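Each remark here refers to the structure printed beneath this line.
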2 protein chains.
Amino acid sequence: MSMNHFQKNVYRMHLYALYFYLALFGVAADAEEGMWTMDHLPLQAMQRDLNWAPQATWIDHAMHGAARIANGCSASFVSKDGLVLTNHHCVAECVEEISNEKENHMIDGFLAKERTAEKKCSAMEVNRLEKITDVTVTVQKATQGLSGTAFKLAQNAIKAKLSEQCVGDQKAKARCEVVTLYQGGQYQLYRYHRFQDVRLVFAPEQAAAFFGGDPDNFMFPRYDFDMSLIRVYEDDQPARVKEYFPLNAKGPSENEPVFTIGNPGATQRQLTVAQLQSLRDNFATNVIPGLAQYRGLLTEFGNRSPESKRISTAELFYVENSYKALHGELEALLEPSVFNQKTAEEKELKEFVNSKVGLKEEIGDAWQTIEQAEIQANTLRIPFQEIEKNQAFRTVYYSFAKMIVRGVVEKSKNNADRLPEFNESELPQIEAALFSEAPIYPEFEIFKLNHSLIKMRELLGVDHALVKKILGKQSPDDLAKQWVGGTQLADIQERKKWWNSDIQTLKKSTDPFIQLALEVDPQARELRTRYENDVESPINKASEKIAKARFAMYGADASPDATFSMRLSYGRVKGWTHNNEEVPAFTDFKGAYERATGADPFRLPDTWLKAKNQLDLKMPLNFSSTNDIIGGNSGSPVLNQKGELVGLIFDGNIHSLGGAFWFDPKLNRAVSVDSAAIVQGMDKIYGARKIADELVGR
Amino acid sequence: MSMNHFQKNVYRMHLYALYFYLALFGVAADAEEGMWTMDHLPLQAMQRDLNWAPQATWIDHAMHGAARIANGCSASFVSKDGLVLTNHHCVAECVEEISNEKENHMIDGFLAKERTAEKKCSAMEVNRLEKITDVTVTVQKATQGLSGTAFKLAQNAIKAKLSEQCVGDQKAKARCEVVTLYQGGQYQLYRYHRFQDVRLVFAPEQAAAFFGGDPDNFMFPRYDFDMSLIRVYEDDQPARVKEYFPLNAKGPSENEPVFTIGNPGATQRQLTVAQLQSLRDNFATNVIPGLAQYRGLLTEFGNRSPESKRISTAELFYVENSYKALHGELEALLEPSVFNQKTAEEKELKEFVNSKVGLKEEIGDAWQTIEQAEIQANTLRIPFQEIEKNQAFRTVYYSFAKMIVRGVVEKSKNNADRLPEFNESELPQIEAALFSEAPIYPEFEIFKLNHSLIKMRELLGVDHALVKKILGKQSPDDLAKQWVGGTQLADIQERKKWWNSDIQTLKKSTDPFIQLALEVDPQARELRTRYENDVESPINKASEKIAKARFAMYGADASPDATFSMRLSYGRVKGWTHNNEEVPAFTDFKGAYERATGADPFRLPDTWLKAKNQLDLKMPLNFSSTNDIIGGNSGSPVLNQKGELVGLIFDGNIHSLGGAFWFDPKLNRAVSVDSAAIVQGMDKIYGARKIADELVGR
């Protein structure tokens, strides 16, 4: 691990952050913004804000005790025997996988009383970050002077090469990724240890994990037991881990400094005004209405029968959660003060650039380039999403077919020439998804496919050539039924057979989804190339330039936008005040019982009702803190200064949704399950004393 | 009818219009913008643009031959025996009303072979405009110097008084409305003859009327037979009408001048920038996602069973149509050039005001007043919509209960003191709705109510006092089932009994919806008062001032924003060119057969398939014209210079959706069923020779 940049320029960075907040909010107190890479922590600022900064051993412990789940969540090791703590909603897919018509573990929860009863999650992968290497010079050199396709291909090639070298012959156990930071101002090679044998140990009832449901989502006060435990295995034995976070059975106290280590997915704090506008318009006209309609369809699909509800619950959760989060982001993007502030900031930066000889020539009209690319994006976005991003064919069968059709072609090429997702280092992940044992429900696949075909016709138009070709003289519903009825891809052996075949063999397949994927592929590839050339490449190059300008003006140490790679955020346990109303930092078990109505989503499960008398009702259940987090941080450990786990991030408050675009230190709060609640709950509600002991390191 | 303003200032008005287009689009050709009141037609401009202007007799004929349907559509008399032509989608509610599980007239269509077979539409009312009287001075005088509640009450009182005097003792046959024009710059009293005995004569299959369905809605080329025929009766006999529009069996020719007479619902062409922004944000975050979600729910509700589909089809049509229309408007509102243009225009007007002594004092900071009121609106809008506008309780039972609860209180007051919708002149319309014989389907009512209760909790918050009180410890679904199961309001006699009771009796009712309406009413009234005082009144007063400023700058003869009152728009039959692609003005029957796939919504009904050989396939089916129309114009007659009906408005093209905010003469087109198609269709497809003869006046 490279830590040589630690002490550099921290002070200047923080001034920049302050400048930004002062302008936007007129306050500076407790501005704990920033999602910091582990090799570049703002130690001076931490010392100043918290009167404490971590030592190298603490940092090492934090980095190796934390984990990432490849499906987009964070997690951490909590025992020497490979026990991993994350959110319930991060393992929902696995809980559904091990459920069936008779045993619904989403409703009833799951507890493996013995290790032998722990149940395999077939598509789950846990990653532990091992090493960070700066590869900026290598990557930038490889693409120097190139643009368009050539730029993209060269960048793919160098990234593939670096990842491949990094993985070496450890394909099964290592995963390497080149992480783009500062919009391309920095490239880092992250090497992970990969665990692919993941087993479910414990998941509470969804009624407890997601108490309050969609209405309480992103709200606080909150009373959720949104936790789960999985265990990673190696050679069929619980993996032995050196670094892990024992739970502190008392939880944190108010104002205590706390640290989250996780994998925030994406922030857009460096976007230009043109990009924010384009994002806003896309959210308003496309993303939000699309999610809202699908939400309605799914809700009513679940009313078909209890079984329909069971098989669609995880999807509905995902959709409602996305809807609420993105709706909050849209509201932020419609806030005129944000645009005014961003416009003023952009103007200042442009003036700075134009005032500096050399810089002016280097940066040039980067903002204009992005504006032009966004106009292209507006034209290309919908066909690109529908055809290349599979939105038109929302069924797992099509995903399989497309992976196969693309895979057999790409695998036959040199690693450096492949589409990046088919690089050697990515293949284990693709194969895990392709050969997943998760059950498939034809009724649900028909439902999703029918809707997405109708939506394709709506979005691309009745007279679009591909739409006409695909739909022909049939209705989307008939086609969906016919294709789902005719495919063999539900059979894993079938998928394996095609995956290991070649394009000539594939072309002879009569499987409707393989035929469909073959038919769509040329246009999908063409759209991807156009999107990469006309949108992504110009934006990437221009963003790199703007990042340089920003470094020149403000200094090089603002924290980079989130990229689903490991970040630390520091803060304190704290409530907030809004509209003269004070929101306290902690909730307790008592509050949960008071809020319960008996009707979903405010129904507490029987285990909770039965255990009420055994509980210390004043024990904290959830708490809020000032840490700067975002989607992807779900499941992140919250550590104290001793490196113990005191909380488990599972949400942000409603004000945190604007966090995609800026951090509001007054109102933006992370929301966690208190470690004290986890220990009490496992022991007293779920009768899992042994696990509770394992968690506190007894 | 007052026509004394006809010749005034037309030239100045048109210059203003031209100024506006030139600035926005850089073109001026064929700018046929304007929805003109019948007492104020732009005769000089028509003479110049069409080389023709109507005589007083033509205008009189047009005004009295046209009709309005109280549900929000337009129509016209097409025979001396009270036959009325409108769109299929304007009578969908009636078609559902006369359908049942065995006879589905939405699918199979309806044709009364004899007059005795014509079927009553219980909730339908047709209005014919008789007289227009300018009452501006009277209304403005009554509110002079008042503001807030006093202003609102005084305005209600004078409007009620004027309407009451106008109706006199003709309550059953007359309807009077004070129409607000130019945002309060002008008030006119419209007196209508009301027909409440309305019977269905003909409706084609929905597959023909709405061929292409949602995908083709607002699109062109188009192939829809979106027509229906109803007949108005008086004293159980077909009403005798003097003015009506015989159909021209050949239809119009390209470039021919054509005139629409109808009731455009609402345009927002005079809104300030602050209002447009507020509208945009409300569409993006609230209206569009709400419609999208409900659309998804309804679609999947229809998949429960064929009967579910039947009883929800009209609602789904309404929702999909609204979604597409408002989505188009949102896209227009996100167009930066619109905001730039509006901002520039506003700035110019403000500068003009500030440069004129006297005007400056009179108009003052009207824009600022509106901006402040919009901030209030943003806070109040959702509770106001949910609680006062019944969005939280979307079931016909609650609408009944609320009409009853409000009605018994309001009816006991003097006319001038009532909420305006309970003025004496409005009671026949309310009673028609309250005593409607339209069937009610408990399953559908539960479905709608459940969703709206969930949405109320989402929008107002779990902890909102009224939400807590209403939901208590139960789930929305349980409550909906319980209330719908327990109500007696499905029985018309029951509704009559309560309507004629008093508040003390009502308070003893155990009907769950009457109890609910009583519980909600105080808060609903309070919200309404706040919304009127803090939003509507200040905006109305400030808008009046801005209208005055506009008059002072541009002259008094721009056409007023649409207000669901009679307007004429002139134009020509014409296609358009977009992205270098020419869209011809006409489609023909041949095209419909070519587009048909056999699968909904591109399935032609059997009647059409069977009649194919009997048809002149080259005969025009639909056409586009440059008339300036908007929602509410559905069913409008399209007349030629002879006063014959040559078309039936049923839609606008996709570019017409921005027409809410400005008129784009290059692209905005109205879309009609050709009169030739109506005559051929009735005769050859539906075998209704007698009706075809009645239509052409044989």
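The values are calculated or read from the model by the stated rules, or taken from the named source; none is laboratory data. These numbers were taken from a predicted model, which means no experiment stands behind them. Neighbour counts are summed over all protein chains in view; Cβ atoms, including those assigned to glycine, are modelled from backbone coordinates with ideal geometry.
Could you list, in sequence order, the residues of segment A:346-368 that are of a type outside the set (A, V, I, L, M) and outside any helix (DSSP H, G or I)? Working first, answer last.
Kept after step one, since they are of a type outside the set (A, V, I, L, M), are these residues of segment A:346-368: A:346-348, A:350-352, A:354-356, A:358, A:360-362, A:364-365, A:367-368.
Correct list: A:Lys356, A:Gly358, A:Gly364, A:Asp365.
If you check B:Arg222 against the conditions, is it assigned to a strand (DSSP E or B) and either away from chain A (no Cβ under 14 Å) or closer than 20 Å to B:Lys324 by Cα (or both)? Steps first, please.
On the way: assigned to a strand (DSSP E or B): no; either away from chain A (no Cβ under 14 Å) or closer than 20 Å to B:Lys324 by Cα (or both): yes.
In short, no.
State yes or no: is B:Glu361 within 14 Å of chain A (Cβ to nearest Cβ) and surrounded by fewer than 19 Cβ atoms within 10 Å (Cβ to Cβ)? Spell out how you get there, then give the answer.
On the way: within 14 Å of chain A (Cβ to nearest Cβ): no; surrounded by fewer than 19 Cβ atoms within 10 Å (Cβ to Cβ): yes.
Against the criterion (within 14 Å of chain A (Cβ to nearest Cβ) and surrounded by fewer than 19 Cβ atoms within 10 Å (Cβ to Cβ)), B:Glu361 does not qualify.
With touching a helix residue (DSSP H, G or I) at 6+ places or on another chain (Cβ under 6 Å) and closer than 28 Å to A:Gly251 by Cβ as the only criterion, which of A:Tyr554, A:Tyr570 stands out?
A:Tyr570
Tell me, which helices (runs of 4 or more DSSP H) lie completely within segment A:424-515 with 2 or more residues that are free of Cβ contacts under 8 Å to residues at least 24 places away in the same chain? Lay out the reasoning, then the answer.
Working: elements: A:427-434, A:442-460, A:465-471, A:476-486, A:492-499, A:503-507.
Counting at least 2 such residues, we get A:442-460, A:465-471, A:492-499, A:503-507.
Give just the number: which of (1) within 14 Å of chain A (Cβ to nearest Cβ); (2) closer than 25 Å to B:Leu153 by Cβ; (3) among the hydroxyl-bearing types (Ser, Thr, Tyr) does B:Ser452 not satisfy?
Exception for B:Ser452: condition (2).
B:Ile375 is checked against (1) in contact (Cβ under 8 Å) with a residue 60 or more places away in the chain; (2) more than 24 Å from B:His193 (Cα to Cα) and fails just one. What number does that condition carry?
The one condition B:Ile375 does not meet is (1).
Would you list the strands (runs of 3 or more DSSP E) that sit entirely within segment B:581-670 and hold 2 or more residues that are hydroxyl-bearing (Ser, Thr, Tyr) and touching a residue at least 12 places away in the same chain (Cβ under 8 Å)?
Numbers: elements: B:581-583, B:586-588, B:620-625, B:637-639, B:645-652.
Fully inside segment B:581-670 and qualifying: B:620-625.
Just to verify a result, which residue in segment A:210-228, among those that are surrounded by 24 or more Cβ atoms within 10 Å (Cβ to Cβ) and under 19 Å from the mean Cα position of the chain (by Cα), is nearest to A:Gly598 (Cα to Cα)?
That would be A:Phe210.
Residue check, A:Thr116 against (1) closer than 30 Å to A:Leu695 by Cα; (2) assigned by TED's automatic domain parsing to the domain that holds A:Ser565; (3) in contact with a helix residue (DSSP H, G or I) (Cβ under 9 Å, 6 or more places away or on another chain); (4) surrounded by fewer than 20 Cβ atoms within 10 Å (Cβ to Cβ), all met but one. Which one?
Evaluating A:Thr116 over (1) closer than 30 Å to A:Leu695 by Cα; (2) assigned by TED's automatic domain parsing to the domain that holds A:Ser565; (3) in contact with a helix residue (DSSP H, G or I) (Cβ under 9 Å, 6 or more places away or on another chain); (4) surrounded by fewer than 20 Cβ atoms within 10 Å (Cβ to Cβ) leaves (3) as the failure.
Looking only at segment B:456-469, which residues are crowded, with 19+ Cβ neighbours inside 10 Å and either more than 23 Å from B:Asn378 (Cβ to Cβ) or in contact with a Phe, Trp or Tyr (Cβ under 9 Å, 6 or more places away or on another chain) (or both)?
Selection gives B:Met456 alone.
List every residue pair whose Cβ atoms lie under 7 Å apart, where the two residues are 6 or more positions apart in sequence or sit on different chains, the first residue falls within segment B:356-367 and is free of Cβ contacts under 8 Å to residues at least 12 places away in the same chain, and the second residue, located anywhere, is surrounded by fewer than 17 Cβ atoms within 10 Å (Cβ to Cβ).
Qualifying pairs under 7 Å: B:Lys360/B:Asn354.
Which fully enclosed helices (runs of 4 or more DSSP H) of segment A:267-345 have 2 or more residues being in contact with a Pro (Cβ under 9 Å, 6 or more places away or on another chain) and within 12 Å of chain B (Cβ to nearest Cβ)? Reasoning before the result, please.
Details: elements: A:273-282, A:288-301, A:306-333.
Counting at least 2 such residues, we get A:288-301, A:306-333.
Considering only segment B:118-137, I want to know if a residue exists there that is in a loop (DSSP other than H, G, I, E, B), closer than 30 Å to B:Phe211 by Cβ, of a type in the set (D, E, K, R) and modelled with pLDDT of 95 or more. Give the steps one after another, and end with the answer.
Quick first cut of segment B:118-137, residues in a loop (DSSP other than H, G, I, E, B) only: B:118, B:121-125, B:135.
If we keep only those that are closer than 30 Å to B:Phe211 by Cβ as well, we get B:118, B:121-125.
From what's left, of a type in the set (D, E, K, R): B:118, B:125.
With modelled with pLDDT of 95 or more added as a condition, the list becomes B:118.
Yes: segment B:118-137 contains one or more residues that are in a loop (DSSP other than H, G, I, E, B), closer than 30 Å to B:Phe211 by Cβ, of a type in the set (D, E, K, R) and modelled with pLDDT of 95 or more.
From the list A:Gly302, A:Gly265, A:Gly296, exactly one residue is touching a Gly at 6+ places or on another chain (Cβ under 6 Å) and surrounded by fewer than 22 Cβ atoms within 10 Å (Cβ to Cβ). Which is it? Explain how you work it out, then say what you get.
On the way: A:Gly302 fails: touching a Gly at 6+ places or on another chain (Cβ under 6 Å); A:Gly296 fails: surrounded by fewer than 22 Cβ atoms within 10 Å (Cβ to Cβ).
Step by step, each of A:Gly302, A:Gly265, A:Gly296 is checked, and only A:Gly265 is touching a Gly at 6+ places or on another chain (Cβ under 6 Å) and surrounded by fewer than 22 Cβ atoms within 10 Å (Cβ to Cβ).
Is it fair to say A:Ala480 is in contact with a helix residue (DSSP H, G or I) (Cβ under 8 Å, 6 or more places away or on another chain) and within 14 Å of chain B (Cβ to nearest Cβ)? Quick ask: steps written out before the conclusion?
On the way: in contact with a helix residue (DSSP H, G or I) (Cβ under 8 Å, 6 or more places away or on another chain): yes; within 14 Å of chain B (Cβ to nearest Cβ): yes.
Considered against the rule, which asks whether it is in contact with a helix residue (DSSP H, G or I) (Cβ under 8 Å, 6 or more places away or on another chain) and within 14 Å of chain B (Cβ to nearest Cβ), A:Ala480 comes out as yes.
Scanning segment A:494-544 for residues that are hydroxyl-bearing (Ser, Thr, Tyr) and touching a Gly at 6+ places or on another chain (Cβ under 7 Å), which turns out surrounded by the fewest Cβ atoms within 10 Å (Cβ to Cβ)? Write out each step before concluding.
Initial filter on segment A:494-544 (hydroxyl-bearing (Ser, Thr, Tyr)): A:501, A:505, A:509-510, A:529, A:531, A:537, A:543.
Right, trim to touching a Gly at 6+ places or on another chain (Cβ under 7 Å) and you get A:537, A:543.
Working: A:Ser537: 21, A:Ser543: 23.
Among them, the one singled out is A:Ser537.
Look at segment A:545-562 and say how many of its residues are buried (at least 20 other Cβ atoms within 10 Å of the Cβ) and farther than 25 Å from A:Gly145 by Cα.
Let us first name the residues in segment A:545-562 that are buried (at least 20 other Cβ atoms within 10 Å of the Cβ), namely A:545-550, A:557-562.
Checking the rest, the ones that are also farther than 25 Å from A:Gly145 by Cα come to A:557-559, A:561-562.
Qualifying residue count, segment A:545-562: 5.
For A:Gly472, all conditions in the list (1) surrounded by 19 or more Cβ atoms within 10 Å (Cβ to Cβ); (2) within 14 Å of chain B (Cβ to nearest Cβ) hold save one; what is the number of the exception?
Going through the list (1) surrounded by 19 or more Cβ atoms within 10 Å (Cβ to Cβ); (2) within 14 Å of chain B (Cβ to nearest Cβ), A:Gly472 breaks only (1).
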